[in-house]
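Everything on this sheet refers to the single structure shown next.
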Amino acid sequence: MHQAVAAFAPLAEAEGVQLKAEVPSSLPPVLADSDRIQQVMSNLIANALRYVGKHHAERPQVQVQVTSQERFVQVNVADNGSGLSPEMQMLVFDRFWRADVARSRDQGGSGLGLAICRAIVEAHGGRIWVKSQPGKGATFIFSLPTVPD
C-alpha cells in the first residue's frame, strides 16, 4: 500500500495536491496477488489525482486510509474533487465509461481502469464501491477478506 502512495508523491507535489496515507503498521494478512492489488491502488490514486478539486478554495487533497474490520481489510481512496452524481456512480465501474465525456483517448485513459479494478478485487473475493456527493468529492472503497485463522 505504501509503495503505491509513494510512487504518486512526486506527481501530487508537482500538481499542488496534498497526498496523505494512513496505513496501520499491523494489518491482518490477506491472501492476494500483491502486484494486482498494487495495480488497483495505483489506478484509484491516479484517478483521484486526475479529478481532485484543483479549483476549490481549500487545498486539493487525496487521502488513502487502510483499516481492518472483522474479517476484511478495507482501503479508502478519497479526494475533495467535484464528486459524482448518483447516475455516474451507477456507471463508474462499467467498461469504457468516463466521468469527463470531453476527454478522448488521445488525452489518456481507455475507460477500463475501474472495470479492471473491479475484476481484480472480485477475483480476490472482495468488493469495490464508490461513495460520493456532487461537489463533495468521491471515495472509492475496496475490501479484501483476511486469511482465516
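Worth pointing out:
- Ratio Rg/Rh, restricted to the chain and using Cα atoms, in which Rh is the Kirkwood radius: 0.95
- Paramagnetic reach from Leu112 in region 1-45 [backbone N under 11 Å; point 7 Å along Cα→Cβ]: none
- For the chain, calculated [θ]222 nm from helices alone, where every DSSP H run of n ≥ 4 adds -39500 (n - 2.57): -10500 deg cm²/dmol
- Interchain or long-range residues, amide H under 5 Å from Val30's placed H: Val147
- Accessible surface ranking that places the most exposed of Arg59, Arg50 first, with a 1.4 angstrom probe: Arg59, Arg50
- Carbon/sulfur fraction of accessible area - the chain, other protein chains in place, 1.4 Å, %: 52
The values are calculated or read from the model by the stated rules, or taken from the named source; none is laboratory data. Note that this is a predicted model, so its numbers are computed, not measured. Here Cβ is always computed from backbone atoms with ideal geometry, including for glycine, and neighbour counts include all displayed protein chains. Heads up: the accessible areas ignore ligands, DNA and RNA and are worked out on the full protein's heavy atoms, side chains in. Shrake-Rupley method; radii C 1.70, N 1.55, O 1.52, S 1.80 Å.
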